[in-house]
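Okay, so here's the structure we're looking at.
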Amino acid sequence: MTSDGKSDVAVFLPRNYLRPCLLLLLAEGTAHGYELLDQTSKLGLPNVDPGGLYRCLRAMDEEGLVDSRWEPSSIGPARRTYALTREGRDWLRAVSASLAQVHGILELFQHRLQRLEVRDTVI
């Protein structure tokens with residue numbers, strides 16, 4: 001544990017977990033990159049690299065998972081707006097099923113760990 005009470009053990013999320021998070025946020029509605037960056041912290045990703053987020057969005061745009069277009073702004077320069085495509089929605093459904101399997105595996109691990117801790121406490 002660190003001095004602020006947080007664990008110093010790294011949290012391991014699935015590889016490329018940012019991608020399904022962005023697709024989920026875009027399934028909820030179109031957004032600008034900065035809005036998506038802000039929303040990722042609410043999904044448990046507090047330290048997303050802005051450059052990495054934009055690279056991920058660009059790659060998903062090239063793959064047809066998202067659609068992007070420039071939107072004029074009345075208070076500054078034009079901003080790129082991202083929207084989920086039908087292919088992106090299909091990909092989100094597929095990865096959701098995979099994440100559900102991972103969730104089940106982690107629940108099994110936690111259940112067995114809790115049984116072990118209870119057994120060790122009783123002894």
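Computed quantities for the displayed model
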| item | result |
| --- | --- |
| Residue match in the range 45-62 (condition: loosely packed, with under 12 Cβ neighbours inside 10 Å and at pLDDT below 90) | yes |
| For T81: the one exception among (1) of a type in the set (V, I, T); (2) free of Cβ contacts under 8 Å to residues at least 12 places away in the same chain; (3) not in a helix (DSSP H, G or I) | (2) |
| Sole exception among (1) within 14 Å of C21 (Cα to Cα); (2) assigned to a strand (DSSP E or B); (3) hydrophobic (A, V, I, L, M, F, W, C) for A94, by number | (2) |
| Breaking point among (1) surrounded by 13 or more Cβ atoms within 10 Å (Cβ to Cβ); (2) acidic (D, E); (3) not in a helix (DSSP H, G or I), for E71 | (1) |
| Candidate set from the range 1-36 (those that are at pLDDT 95 or above and in a loop (DSSP other than H, G, I, E, B)); member that is surrounded by the most Cβ atoms within 10 Å (Cβ to Cβ) | T30 |
| Hits in the range 40-90 (condition: among the basic types (K, R) and in contact with a strand residue (DSSP E or B) (Cβ under 7 Å, 6 or more places away or on another chain)) | R69, R79, R80 |
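The values are calculated or read from the model by the stated rules, or taken from the named source; none is laboratory data. Quantities reported herein were computed from a predicted structural model and do not represent experimental measurements. Every residue, glycine among them, receives a Cβ derived from its backbone with ideal geometry; neighbour counts consider all protein chains shown.
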